[in-house]
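This report refers to the structure that appears directly beneath it.
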């Protein structure tokens, strides 16, 4: 059984997921997405504005830069 089939919230999560990579195996699986990006010192798409998300730059540095203007 796939992880996506085991998540009772996947349909709800998918409605609110702002990641444009809908083919991602973690789309709608927030806990999987968070773990994936955390291991890479990144943040998931839901932390970014739509314009920022389109850059696919998920770095923490990019997130901080965009919020502080530095």
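Readers should treat all values here as calculations from the given coordinates under stated rules, not as data from a laboratory. In this text, all values refer to a predicted model and were calculated from it rather than measured experimentally. Ideal geometry is used to build each Cβ from the backbone, glycine not excepted, and the neighbour counts take in all protein chains shown.
Sorting 14, 23 from the fewest to the most surrounding beta carbons within 10 angstrom yields 23, 14.
Think of it as helices only: each DSSP H run of n ≥ 4 in the chain is worth -39500 (n - 2.57), and spread over all residues that comes to -12000 deg cm²/dmol at 222 nm. The shape of the chain can be summarised by an equivalent ellipsoid whose semi-axes, obtained from the alpha carbon gyration tensor, come to 24, 12, 9 Å from longest to shortest. Approximating the spin labels as points 7 Å out from Cα along Cα→Cβ, the residue 24-to-residue 46 distance works out to 1.1 nm.
Between residue 39 and residue 15, the contour length at 0.36 nm per residue exceeds the Cα-Cα span by 6.2 nm.
Relative contact order, whole percent, for the chain stands at 24, derived from Cα pairs under 8 Å and 6 or more residues apart.
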